[in-house]
1. For the structure I just gave you, tell me whether A69 is modelled with pLDDT of 95 or more and not in a strand (DSSP E or B).
2. If you go through the range 54-66, how many residues are more than 15 Å from the chain's Cα centre (by Cα) and in a strand (DSSP E or B)?
3. Which members of the range 72-85 meet the condition of being in a strand (DSSP E or B) and either over 20 Å from T118 (Cα atoms) or not β-branched (V, I, T) (or both)?
4. Within the range 134-177, track down each residue that is touching a Lys or Arg at 6+ places or on another chain (Cβ under 9 Å), free of Cβ contacts under 8 Å to residues at least 60 places away in the same chain and in a strand (DSSP E or B).
5. Filter the range 79-94 for residues that are surrounded by fewer than 17 Cβ atoms within 10 Å (Cβ to Cβ), under 21 Å from T50 (Cβ atoms) and either more than 17 Å from the chain's Cα centre (by Cα) or in contact (Cβ under 8 Å) with a residue 24 or more places away in the chain (or both) and give the result.
6. Show the residue pairs that are 6+ apart or on different chains and have beta-carbon atoms under 8 Å apart, the first residue being within the range 37-51 and within 14 Å of A73 (Cα to Cα) and at pLDDT 95 or above, the second being hydrophobic (A, V, I, L, M, F, W, C) and not in a helix (DSSP H, G or I).
7. Could we say that R124 is basic (K, R), within 13 Å of the chain's Cα centre (by Cα), at pLDDT 95 or above and closer than 30 Å to D96 by Cα here?
8. From the list A148, A119, A109, A130, exactly one residue is among the hydrophobic types (A, V, I, L, M, F, W, C), over 18 Å from L63 (Cα atoms) and buried (at least 16 other Cβ atoms within 10 Å of the Cβ). Which is it?
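The values are calculated or read from the model by the stated rules, or taken from the named source; none is laboratory data. Quantities reported herein were computed from a predicted structural model and do not represent experimental measurements. When we count neighbours, we look across all protein chains shown, and the Cβ atoms used for this are built from the backbone with ideal geometry, even at glycine.
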Amino acid sequence: MEGKMMGADRAGGGERPPGLQDRADIEDVLVDYCRHLDRMDLPSLAQLFTPDCRVIYGPDPHLMAEGQAALAASLARMWRWTRTAHHMANVRVWFDTNDSAHSESYVHAWHERPDGSTATIFGRYLDQFARTQQGWRISERRMEMNGADAGFRVAIPQAPRCLPPAGWVAPAGLDGPGPKVPSPRG
């Protein structure tokens, strides 16, 4: 290909359909987010987002940001923790066009306060991605919570879950002492 470097069509409006490398690049952005957040490298973290990004972790205005600078300023709230560990899993990516995608990824985030107490959340990120001159970047992020321990008190929207079928009853004894089941030996 004369005048075109290998891979040059990957960043900024490529002509080929998205493939495995695009998926890997998006997954790298998600992992880098966790890495930069745990290190509190907020300038590097903000660069993973588009300049006009919209981020909503929850309904509180402190948990929302529009734009890279506002996102970095909002995430400065994380300095209240002594240490954190964010772990990404169950990543799914869907390509909407050659230059846009959306993803769902699960996060297990552990936080330690200065007094040694901890808070853990299990949640998911719902992201919109745009291909830019710098590569894939998050243009919108929303967070939902699947669960948390008693130490996590930040208001995050509940992730949706189907209701049990009508008439469903939980099996007895699975979650602690239940009725004693007679032994087959008598």
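1. So A69 fits the description; yes.
2. Residues of the range 54-66 that are more than 15 Å from the chain's Cα centre (by Cα), as a first pass: 59-62, 65-66.
Right, trim to in a strand (DSSP E or B) and you get 65-66.
Selection size over the range 54-66: 2.
3. Initial filter on the range 72-85 (in a strand (DSSP E or B)): 83-85.
Scanning the range 72-85 gives R83, A85.
4. Residues satisfying the conditions are E144, M145, N146.
5. V91
6. F49/V55; F49/I138
7. On the way: basic (K, R): yes; within 13 Å of the chain's Cα centre (by Cα): yes; at pLDDT 95 or above: yes; closer than 30 Å to D96 by Cα: yes.
Yes.
8. Numbers: A148 fails: over 18 Å from L63 (Cα atoms); A119 fails: over 18 Å from L63 (Cα atoms); A109 fails: over 18 Å from L63 (Cα atoms).
Checking each option against the conditions leaves just A130.
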